[in-house]
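Single-structure report; data block below.
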Amino acid sequence: MKKIAVVILNWNGASLLKQFLPSVIEYSQDASIYVIDNASTDNSVKLLKKEFPSIQIIINKDNYGFAKGYNEGLRTIKEPYLALVNSDIEVTKNWLEPIIRIFDNELNTAIIQPKILDYKKKTDFEYAGAAGGFIDKYGFPYCRGRIFEKLEKDNGQYNDEVEIFWASGACFFIRNSVFSKLNGFDNDFFAHQEEIDLCWRSFNDGNIAKYCGSSTVYHVGGATLDSGSPKKTFLNFRNSLFMLTKNLPSKNLLSILFIRLLLDGIASIRFLTQGKFKHIIAVLKAHYSFYIGLRKHLKKRTKINKNNYFKTNSIVYQHFVLKKEKY
């Protein structure tokens, strides 16, 4: 058995597989490579069997989304380290070596993210993860190299190795034992922010997440669900509230949820000024779904780490009021 498994979740992404699998195969010779297919209706499986016979294929019975799709597909994968990689990721030479080194030498490090640059503009960091993720007091995620929509150029400023709070699901390394212990991603999230929730639960369990700047990948972004999609707005707003409910220390839970709901209302007003009426409806649906699922997610609260999980009190205030655009 090899030490690391590169695992790509696919749904109707035949063109992406054809474009990006060659780099994965070329630069992952020390890894087992799997594609988990979420019941694609295009020719993805046929393409894999014909053009990439070395790839191991796992076929899910339905399109389970990101969270359950990985949970179901990873059940039979036994390699000790997992690299969960989006189908729109181009990897680079020696991208796995520094990751494996950290896992081998730092037993408390459970999750790692590489440097994620924009495939379409390779001098810039990419939105989904950039140089490692953090979260503010009210559950708003941000990254080194990306504050809301503001992206930094890669000038080597994050060519380091540091502890972070969350790693991007676009290229997410995790110990298989930790993934199993924490029961993987939360199936109820379907997609979006499930990786932050998993990182938070890992943090609650006493583990460390790290960013490794000596491993680089390029991400297209928005290949499955466009950033302007109301469905993406719904999932992000709803899942963020679920995540706070599951992971916040008890003393902070009610006050932070209340403030977060108010801030979501302000976001809706901003959508109104932008004429994004479908996104306002998406926020309302997210809040309704949150209230319906509140009791269920309260029951998911288990071990809570009372140490500070946030780097700033409010990234919304820092960015929109104080106009800070860089980490």
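The values are calculated or read from the model by the stated rules, or taken from the named source; none is laboratory data. Since this is a predicted model, take the numbers as computed values, not measurements. As a convention, Cβ positions derive from the backbone with ideal geometry for all residues, glycine included, and neighbour counts pool all protein chains shown.
Out of Phe258, Phe242, I need the residue that is buried (at least 18 other Cβ atoms within 10 Å of the Cβ) and either touching a helix residue (DSSP H, G or I) at 6+ places or on another chain (Cβ under 7 Å) or not in a loop (DSSP other than H, G, I, E, B) (or both). Which one?
On the way: Phe258 fails: buried (at least 18 other Cβ atoms within 10 Å of the Cβ).
So the residue among Phe258, Phe242 that is buried (at least 18 other Cβ atoms within 10 Å of the Cβ) and either touching a helix residue (DSSP H, G or I) at 6+ places or on another chain (Cβ under 7 Å) or not in a loop (DSSP other than H, G, I, E, B) (or both) is Phe242.
Of all positions in the stretch 150-159, none carries a residue that is at pLDDT 95 or above, in contact with a Pro (Cβ under 7 Å, 6 or more places away or on another chain) and either surrounded by fewer than 20 Cβ atoms within 10 Å (Cβ to Cβ) or not assigned by TED's automatic domain parsing to the domain that holds Ser240 (or both). Among the residues in the stretch 117-127, are any charged (D, E, K, R) and either over 30 Å from Tyr142 (Cβ atoms) or assigned to a loop (DSSP other than H, G, I, E, B) (or both)? Scanning the stretch 117-127, I find at least one residue that is charged (D, E, K, R) and either over 30 Å from Tyr142 (Cβ atoms) or assigned to a loop (DSSP other than H, G, I, E, B) (or both), so the answer is yes. Give Ile89, Ile102, Ile111, Ile135 a once-over and let me know the one that is within 20 Å of Trp166 (Cβ to Cβ), aliphatic (A, V, I, L, M) and surrounded by fewer than 20 Cβ atoms within 10 Å (Cβ to Cβ). Matching residue, one of Ile89, Ile102, Ile111, Ile135: Ile102.
Could you grab me the full set of residues in the stretch 109-128 that are closer than 19 Å to Ala209 by Cβ and of a type in the set (Asp, Glu)? Scanning the stretch 109-128 gives a single hit, Glu126. Kindly evaluate Ile147 against the criterion of being assigned by TED's automatic domain parsing to the domain that holds Gln29 and touching a strand residue (DSSP E or B) at 6+ places or on another chain (Cβ under 8 Å). So Ile147 does not fit the description; no. Set side by side, the residues Asn12, Asn86, Asn105 differ, and just one is polar (S, T, N, Q) and touching a Ser or Thr at 6+ places or on another chain (Cβ under 6 Å), which is Asn12.
Residues in the stretch 272-327 that are within 23 Å of the chain's Cα centre (by Cα), of a type in the set (A, V, I, L, M) and assigned to a loop (DSSP other than H, G, I, E, B): 1 in all.
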